[in-house]
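**Q** Quick one: the structure is below, questions incoming.
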Amino acid sequence: MPHMSQHSRPLVVGALASSFTVPALMALLMAFSSMSIMTPPILIFFVGVLITAPTTCLVAMPLALLFRRFGRLNAIYMCLLGTALGALALGLYTLDSTYYPQMNDKAFALWVARQAALKSLMPGAVYGFVSAAAFCVGAGITVRPSGRRTGAA
């Protein structure tokens, strides 16, 4: 079983860690913020899980299985993937949640939503990286898989 040497724990444990780490951290930060009066930390947690869980289950997990199948599952690939997915997921969420089609000037409404989405790419990338790192720690994925053949005799 060459794929088992690429991670020491089940990938499902990594997926759970990935889905809950960033929302828990954000909720914790919100709990110590003055903004917690207006936005309860539990709301931040639930919205975060609604973004991270589908992204993890529908995109990151199948790609991890694909990487594992080809003997390429490692923390570097997963963190790069997580960074890109985090930026994309938060960007799309922000685009959808800030676009108000009921505005009279539809072009302006779309411009505002696009600007908000662009500004969310960097935080999304950071959240994705942290989420992917949690995936790797949870699943026991190392930087270099020990099952990979290097060609050395």
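The values are calculated or read from the model by the stated rules, or taken from the named source; none is laboratory data. Source: prediction; values computed, not measured. Backbone-built Cβ (ideal geometry, glycine too); neighbour counts: all protein chains shown. Heads up: the accessible areas ignore ligands, DNA and RNA and are worked out on the full protein's heavy atoms, side chains in. Shrake-Rupley method; radii C 1.70, N 1.55, O 1.52, S 1.80 Å.
**Q** Restricting to DSSP H runs of at least four residues, report the calculated mean residue ellipticity at 222 nm for the chain, -39500 (n - 2.57) per run over all residues, nearest 500 deg cm²/dmol.
**A** After summing the helix terms and dividing by residue count, I get -23500 deg cm²/dmol.
**Q** Continuing with the same structure: Leaving out ligands, DNA and RNA, what percent of the accessible area of segment 14-153 is carbon and sulfur, probe 1.4 Å?
**A** With neighbouring chains kept in place, the figure for segment 14-153 is 73 percent.
**Q** Let me ask you something else. Please work out whether the chain counts as rounded, prolate or oblate from its C-alpha gyration tensor, where a ≥ b ≥ c are the square roots of the eigenvalues and a/c under 1.5 means rounded, while otherwise a/b larger than b/c means prolate and anything else oblate?
**A** Prolate.
**Q** Assuming R0 = 41 Å, what is the FRET efficiency of ILE76 and LYS119, from their Cβ-Cβ distance, to the nearest 0.05?
**A** 0.90
**Q** Expected output is a single nm value to one decimal: the length gained when fully extending between ALA109 and VAL143, i.e. 0.36 nm times separation in residues minus the C-alpha distance. What is it?
**A** 7.9 nm
**Q** Given an 8 Å cut-off on Cα distances and at least 6 residues of separation, report the relative contact order of the chain as a percent.
**A** 40 percent
**Q** Whole angstrom only: what separates the Cα centroid of segment 1-70 from the Cα centroid of segment 75-122?
**A** Answer, in whole Å: 19.
**Q** Could I ask something else about it? Collect residues whose amide H, placed 1.01 Å from N in the peptide plane, falls under 5 Å from the amide H of HIS7; neighbours closer than 5 in sequence don't count.
**A** Under 5 Å from the amide H of HIS7: no residue qualifies.
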